[in-house]
1. Pull out all pairs, ordered by first then second residue, where Cβ-Cβ is under 6 Å, the residues are six or more apart or on different chains, the first lies in region 10-32 and is farther than 15 Å from residue 93 by Cβ and in the same structural domain as residue 93 (by TED's automatic domain parsing), and the second is part of a loop (DSSP other than H, G, I, E, B) and modelled with pLDDT under 85.
2. Name the pairs: first residue in region 174-187 and part of a loop (DSSP other than H, G, I, E, B), second residue surrounded by fewer than 12 Cβ atoms within 10 Å (Cβ to Cβ), Cβ to Cβ under 9 Å, at least 6 apart or on different chains?
3. Scan region 131-139 and tell me whether some residue there is surrounded by 14 or more Cβ atoms within 10 Å (Cβ to Cβ), touching a strand residue (DSSP E or B) at 6+ places or on another chain (Cβ under 8 Å) and in contact (Cβ under 8 Å) with a residue 40 or more places away in the chain.
4. Which condition breaks for residue 209 when tested against (1) more than 19 Å from the chain's Cα centre (by Cα); (2) within 18 Å of residue 300 (Cα to Cα); (3) surrounded by fewer than 21 Cβ atoms within 10 Å (Cβ to Cβ)?
5. Looking at this structure, is residue 177 in contact with a helix residue (DSSP H, G or I) (Cβ under 7 Å, 6 or more places away or on another chain), in the same structural domain as residue 130 (by TED's automatic domain parsing) and crowded, with 21+ Cβ neighbours inside 10 Å?
6. Here is a check on your reading of the model: is residue 172 out of contact with any helix residue (DSSP H, G or I) (no Cβ under 9 Å at 6 or more places or on another chain) and either assigned by TED's automatic domain parsing to the domain that holds residue 290 or crowded, with 18+ Cβ neighbours inside 10 Å (or both)?
7. Name the residues in region 212-232 that are in a helix (DSSP H, G or I) and either surrounded by fewer than 17 Cβ atoms within 10 Å (Cβ to Cβ) or assigned by TED's automatic domain parsing to the domain that holds residue 163 (or both), would you?
8. Between 224, 209, 254, which is modelled with pLDDT of 90 or more and within 27 Å of residue 160 (Cβ to Cβ)?
């Protein structure tokens, strides 16, 4: 059974995978990065059936062959798509916004399997996501409490999950979360610090980078969530830069990206001194350490500190 998950919202993809594993009670989870493995190895792994019939899930990150970035010409893989193993699961992951719909392999996958997009995360999605996290453990929450969580965390799904878990522990006895509980327990995402750490990264100001990094750690921001925060900001900057270079006005950019006017205005001022190449280089490096952490190749704290030191 094959599932394709694509889009820039990597946290949503990870949450989907986690929920799938729990729902299907899968004990064997094997993660690979396409940059480090041959596709034949993946097919051999997913084709192998456990002697006791236990299901396993094989997750292949950076499946660039599904996009215009790279081509995969492998009859063995095409044959597997047409006659796949009915016991094990294969998840193909790419953090690209789009798949290359012209490719035969993409058409084959769309014809027979689930292909899910994870590009958008609106306030409505955030409300729904928080409710679902609480409902499955039989918690209730005031509407105004959800609104406050969303406003504090700027639609950052990784931090939302962390803060909801803190609230669940705090209200373990009565399982009813109020606005006052949110004020008492949850952190406020320092939006200005996101901009500051981005500026420090661009200028390679190590002292400022680590000062801000420690500030994030003090308020309980996990390294994976911080990577997502930084990557989201650089991705937005790159999108604004490209649109500016195409001659788009501020209002046109706001309309195209559906972005907040204030955030867009600040970003337009900042990107004027940055090249597209520099922004893409940092995005690429962040994607590499994100995958390395999620595949268990490297400790998340070491990975982020090493990234800061080797800019």
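1. 26/55
2. Once the first residue is part of a loop (DSSP other than H, G, I, E, B) and sits in region 174-187, its partners that are surrounded by fewer than 12 Cβ atoms within 10 Å (Cβ to Cβ) give 175/137; 175/138; 178/144.
3. Step one: of region 131-139, the residues surrounded by 14 or more Cβ atoms within 10 Å (Cβ to Cβ) are 131, 133-134, 139.
With the extra rule that they be touching a strand residue (DSSP E or B) at 6+ places or on another chain (Cβ under 8 Å), the set shrinks to 131, 134, 139.
Still in the running and in contact (Cβ under 8 Å) with a residue 40 or more places away in the chain: 134.
Looking for residues that are surrounded by 14 or more Cβ atoms within 10 Å (Cβ to Cβ), touching a strand residue (DSSP E or B) at 6+ places or on another chain (Cβ under 8 Å) and in contact (Cβ under 8 Å) with a residue 40 or more places away in the chain, one finds at least one in region 131-139, hence yes.
4. Only one criterion is unmet by residue 209, namely (3).
5. Against the criterion (in contact with a helix residue (DSSP H, G or I) (Cβ under 7 Å, 6 or more places away or on another chain), in the same structural domain as residue 130 (by TED's automatic domain parsing) and crowded, with 21+ Cβ neighbours inside 10 Å), residue 177 qualifies.
6. Working: out of contact with any helix residue (DSSP H, G or I) (no Cβ under 9 Å at 6 or more places or on another chain): yes; either assigned by TED's automatic domain parsing to the domain that holds residue 290 or crowded, with 18+ Cβ neighbours inside 10 Å (or both): no.
Considered against the rule, which asks whether it is out of contact with any helix residue (DSSP H, G or I) (no Cβ under 9 Å at 6 or more places or on another chain) and either assigned by TED's automatic domain parsing to the domain that holds residue 290 or crowded, with 18+ Cβ neighbours inside 10 Å (or both), residue 172 comes out as no.
7. 214, 215, 217, 218
8. Details: 224 fails: modelled with pLDDT of 90 or more; 254 fails: modelled with pLDDT of 90 or more.
Of the residues listed, the single one that is modelled with pLDDT of 90 or more and within 27 Å of residue 160 (Cβ to Cβ) is 209.
The values are calculated or read from the model by the stated rules, or taken from the named source; none is laboratory data. Note that the coordinates shown come from a computational prediction; the quantities given were computed from them, not determined experimentally. All Cβ positions, glycine included, derive from the backbone under ideal geometry; neighbour counts span all protein chains shown.
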